[in-house]
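Colleague: Quick one: structure below, then a few questions.
The values are calculated or read from the model by the stated rules, or taken from the named source; none is laboratory data. The model shown is predicted, which means the values in this text are computed figures rather than measured ones. Using ideal geometry, Cβ is built from the backbone for each residue, glycine included, and neighbour counts are taken over all protein chains shown.
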Amino acid sequence: MRNQVRQGDVLFVPIDRIPEDAKLEKGRKTVAYGEATGHHHDVVARDTKSKVKIYSLEDALFVGVEGNVVVTHQEHSTLPVEEGLYEIRIHREYTPERVRNVLD
């Protein structure tokens, strides 16, 4: 069983399959942008044998990982991501005006 991976406000939740309607985002490696700082969370293959595929469906993101892959950020430690499929979830917070994604 794969573990969840959390880096700051980004959570990788293991899933069994990518939704059929999800669209492959060719060349994309960033899964979250920091609106306040400009920093970002990237999913990166560490060698030529490893692969990262990012998919989108409406406001949701999904990642397929093969081989030696990590998630990086300018202010957080680099973390390994086990092989498999994940849904990306962004931490949300309550404000009196609305529920919103946490700003980096």
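Colleague: For residues that are exposed (fewer than 13 other Cβ atoms within 10 Å of the Cβ) and closer than 13 Å to VAL43 by Cα, scanning just segment 78-102, find the one that is modelled with the highest pLDDT.
Modeller: PRO80
Colleague: Another question, then. Would you please list the contacts, defined by Cβ atoms under 6 Å and residues six or more apart or on different chains, that run from a residue in segment 30-48 that is at pLDDT 90 or above to a residue that is hydroxyl-bearing (Ser, Thr, Tyr)?
Modeller: Every condition considered, the pairs that remain are ASP42/THR30; ASP42/THR72; VAL44/THR72.
Colleague: Hey, among VAL31, VAL71, VAL52, which residue is in contact with a Lys or Arg (Cβ under 9 Å, 6 or more places away or on another chain) and either surrounded by fewer than 16 Cβ atoms within 10 Å (Cβ to Cβ) or assigned to a strand (DSSP E or B) (or both)?
Modeller: Details: VAL31 fails: in contact with a Lys or Arg (Cβ under 9 Å, 6 or more places away or on another chain); VAL71 fails: in contact with a Lys or Arg (Cβ under 9 Å, 6 or more places away or on another chain).
Result: VAL52 is the single residue among VAL31, VAL71, VAL52 that is in contact with a Lys or Arg (Cβ under 9 Å, 6 or more places away or on another chain) and either surrounded by fewer than 16 Cβ atoms within 10 Å (Cβ to Cβ) or assigned to a strand (DSSP E or B) (or both).
Colleague: Condition check: out of contact with any Asp or Glu (no Cβ under 9 Å at 6 or more places or on another chain), surrounded by fewer than 14 Cβ atoms within 10 Å (Cβ to Cβ) and over 16 Å from HIS91 (Cα atoms). Does GLN4 satisfy that? Let's see the steps before the verdict.
Modeller: Values: out of contact with any Asp or Glu (no Cβ under 9 Å at 6 or more places or on another chain): yes; surrounded by fewer than 14 Cβ atoms within 10 Å (Cβ to Cβ): yes; over 16 Å from HIS91 (Cα atoms): no.
Criteria not met by GLN4.
Colleague: For segment 57-68, which positions are touching a residue at least 24 places away in the same chain (Cβ under 8 Å) and either surrounded by fewer than 16 Cβ atoms within 10 Å (Cβ to Cβ) or farther than 18 Å from PRO14 by Cα (or both)? Step through it out loud before you land on a result.
Modeller: As a first pass, look at segment 57-68 and keep what is touching a residue at least 24 places away in the same chain (Cβ under 8 Å): 57, 60-64.
Across segment 57-68, the qualifying residues are LEU57, ALA60.
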